[in-house]
Amino acid sequence: MLSEKLRDALDNLLPDPGEDEAYLGTPTLRDAAVLIAFTDRADPGVILTQRPQWLRSHAGQVAFPGGKIDPGDRDAIDAALREAEEEIGLNRRDVMIAGATEPYQSGSGYRITPVLGVIPPDLAFDPNPDEVDDWFEVPLDILFDPDNYARQHANFQGHDRHYYDMDWQGRRIWGVTAGIIINLARRLPAGWHR
C-alpha cells in the first residue's frame, strides 16, 4: 500500500538540512499545517488548490490545503485535516496519515508543518469558494522532481529573496508550496513509491 511505502520513506529520510525563509529573520511565527495528500493509485498524484484571485493574501496562488493551527486543534495533524475538510471537503476519515516532517518557516510569519497522508483516488471534492477557486492533481513524478523547478531571485519588501518556481499545465507552483515540495523531494529515498 502507498501509505506503508510513505511511512517507510518518512522513517528513512535522507539527511538534508533543507531550506526555508528563516534567513529573512521574521521575529514572530504563528504555527500552521498543510496536508500533502497523495492519491493511492499506480501512478500517484498530489492534490493542490488554487486560491481565489480576490483574496487579500496570496491571491490566486497554488497551495496545499491548510492553514493556522487553532486553539481547538490537538496538533498539526488535526489542524491539517480540519483545514482540508473546510477548504475542499476532504473527509478526515478518507486520509491515512503517514506522518509529518520538519516545519517550514515562511517569510510571511508562519511555521508550517507538512502533514503527509494518502487518500483514495478520484474522490469528489467540494471546494469552499471563500477559500478555494479550484483544485487539481499533479503526478507525483512531476511534482517531486527538483529538476522541474527553476530557482528564482527577487527583491521583495527590501529583502533579496529566493524561491522555486514551476509551471504545470498553466498553473504556477512556487514560493512556500514549491519550497516544501523541494525540501521533501530531496530527502525522500529514490523510487520510494515504486
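The values are calculated or read from the model by the stated rules, or taken from the named source; none is laboratory data. Keep in mind that what you see is a predicted model, and the values were worked out from it rather than measured. Positions of Cβ are backbone-derived with ideal geometry, glycine not excepted, and every protein chain shown enters the neighbour counts. Side chains are part of the model used for accessible areas, which takes the heavy atoms of the whole protein and leaves out ligands, DNA and RNA. Shrake-Rupley method; radii C 1.70, N 1.55, O 1.52, S 1.80 Å.
Quick notes
- Within the listed set 50, 61, 169, the Gaussian network model of the chain (springs between alpha-carbon atoms below 10 Å) gives the highest mean-square fluctuation for 169.
- Environment charge of residue 92, counting only residues whose C-beta is closer than 9 Å and scoring Lys/Arg +1, Asp/Glu -1: -1
- Antiparallel bridges, percent of DSSP beta bridges restricted to the chain (to nearest 5): 75 percent
- Evaluated at q = 0.10, 0.13 Å⁻¹, a Debye calculation over the C-alpha positions of the chain (equal weights, vacuum) places log10 I(q)/I(0) at -0.38, -0.66.
- Dipole orientation for the chain: of the candidates 152, 121, 32, 152 has the Cα lying most toward the positive pole (charges on Cβ; Lys, Arg +1; Asp, Glu -1).
- Between 48, 184, 24, the residue with the greatest mean-square fluctuation in the GNM of the chain (Cα pairs under 10 Å linked by springs) is 24.
- Solvent-accessible area, 1.4 Å probe, carbon plus sulfur percent, for the chain: 47 percent
- With K and R counted +1 and D and E -1, the other residues having a Cβ less than 13 Å from that of residue 187 yield a net charge of -3.
- Amide H to amide H distances under 5 Å link residue 104 with 112, 113, where only residues 5 or more positions off or on other chains count and H is placed in the peptide plane.
- Once you reduce the range 103-156 and the range 172-194 to the center of their Cα atoms, the two points are 10 Å from each other.
- Near residue 39, once Lys and Arg are set to +1 and Asp and Glu to -1 for all other residues with Cβ below 10 Å from its Cβ, the sum equals -3.
- Relative to the Cα centre, the charge distribution of the chain, modelled as +1 at Lys and Arg Cβ and -1 at Asp and Glu Cβ, gives a dipole magnitude of about 320 debye.
- Residue-by-residue Karplus 3J(HN,Hα) for the range 166-179, coefficients 6.51, -1.76, 1.60, Hz, glycine and proline x: 9, 9, 10, 6, x, 10, 8, 10, 7, x, 4, 4, 5, x
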